[in-house]
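*Asks:* This is the structure I have questions about; it appears just below.
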Amino acid sequence: MVSCNSQKEPAHKEQQKKRIEFSKEHENLNVFENYVKKIDGTKSLEKIQSLLYTDLEGNTTEAFAWIDKKMEIVKLQQMFNEVSGRKIERIFYFLNGIKTMSRQIVYYYDKKQPFFTEERSYYSLTNSVITTFSRFAKTENLDLATFKESKKHGIPHETTLSIIKRTGDYETRFQGFEEAFGRKFIVVGTEKQTTTLAFNVLSPILTELIKTEKSSQNKLLEVQFSPMTEPDGFTFQALIDLEYVQNKN
């Protein structure tokens with residue numbers, strides 16, 4: 001007969017995620033980490049997805065925003081994929097419009113021996129960096145690596161916000177049309193960043209733009225889209241609606 005207290009432990013225990021261990025000097029930063037957990041665990045936030053942009057070198061980027069009931073952004077995320085194979089993920093957390101913490105994870109796939117890094121920075125009410133912690137791993141599972149305090153390094157969020165709001169280099173200005181993979185696409189964006197949207201129905205605006213393609217260059221458009229994935233895995237952005245933006249050239 002075997003006692004219930006004599007059961008053997010599993011031979012391989014599950015590896016534990018490494019937490020940041022703040023010194024007494026920085027123990028108040030636990031408040032920031034608790035806020036991050038709260039935001040990540042809130043299911044009622046509205047998630048907004050940006051368009052997928054491509055720059056002149058072929059690198060792509062897109063962003064996501066999480067908005068609370070007060071219509072305030074509480075979290076931003078940007079994904080940046082380089083043609084070299086390197087991938088950068090940036091995440092920002094906000095409280096009452098003020099940035100509280102940023103995370104930057106870099107996946108160095110372009111190396112002969114890939115490695116991965118994560119950096120977390122905490123911000124004061126004046127947007128200055130209080131401190132930065134970082135960690136390094138030779139596998140994608142950074143959660144098993146230990147954080148160490150490192151040189152203060154802030155990550156700006158303005159580009160990520162611009163992607164969401166379609167401002168600056170990410171405005172949706174008409175650039176022309178393309179055909180690929182048996183589909184027709186309208187190209188919008190700027191000289192530095194462009195994005196394509198597939199369509200199969202000619203709306204009045206699309207018909208007009210086709211007729212006036214050269215003279216309509218750089219006209220500002222408001223686009224609505226839906227990301228699509230076909231059974232074979234091909235992904236694209238489907239154009240849902242298209243309008244001219246009035247009184248803004």
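A short reminder: the numbers here are calculations on the coordinates, not readings from a lab. Values in this document were obtained by computation on a predicted structure and should not be read as measured data. We place every Cβ from the backbone using ideal geometry, glycine too, and count neighbours over all the protein chains shown.
*Asks:* State which entries of K70/K165; K75/K219; K99/K148 exceed 25 angstrom in Cα-Cα distance in the structure shown.
*Replies:* The answer is K75/K219.
*Asks:* For V245, V36, which order do you get if you count the other beta carbons within 10 Å of each Cβ and list the fewest first?
*Replies:* V245, V36
*Asks:* Ordered by residue, what ³J(HN,Hα) values in Hz, to whole numbers, does region 78-86 give under the Karplus form 6.51 cos²θ - 1.76 cosθ + 1.60, where θ = phi - 60° and Gly and Pro are x?
*Replies:* 10, 10, 10, 10, 8, 5, 5, x, 6
*Asks:* Then there's this: Just need the relative contact order of region 136-249 here, percent rounded to a whole number, with Cα pairs under 8 Å and 6+ apart.
*Replies:* 19 percent
*Asks:* Using R₀ = 30 Å, calculate the FRET efficiency as 1/(1 + (r/R₀)^6) where r is the Cβ-Cβ separation of E46 and V245; round to 0.05.
*Replies:* Efficiency computed from Cβ-Cβ geometry: 0.80.
*Asks:* Shifting gears a bit: Per residue of region 179-196, in order, report the coupling 6.51 cos²θ - 1.76 cosθ + 1.60 (Karplus, θ = phi - 60°) as ³J(HN,Hα) in whole Hz, putting x for Gly and Pro.
*Replies:* 10, 7, 6, x, 10, 9, 10, 9, 9, 10, x, 9, 5, 9, 9, 10, 8, 10
*Asks:* Kindly provide the helix-only [θ] at 222 nm of the chain, computed as the sum of -39,500 (n - 2.57) over DSSP H runs of four or more divided by all residues, to the nearest 500 deg cm²/dmol?
*Replies:* So the helix-based figure for the chain works out to -3000 deg cm²/dmol.
*Asks:* Let me ask something additional. Highest mean first, how do 237-243, 178-184 rank when packing is the count of other Cβ atoms within 10 Å averaged over residues?
*Replies:* 237-243, 178-184
*Asks:* Give me the dipole magnitude in Debye, nearest 20, for the chain about the Cα centre, with unit charges on the beta carbon: positive for Lys and Arg, negative for Asp and Glu.
*Replies:* Computed charge dipole of the chain: roughly 760 debye.
*Asks:* Here's something else I'd like to know. Going highest first, how would you order 201-214, 65-78 by mean Cβ packing within 10 Å?
*Replies:* 65-78, 201-214
*Asks:* Relative contact order, percent, of region 56-169 when contacts are C-alpha pairs under 8 Å separated by at least 6 residues?
*Replies:* 17 percent
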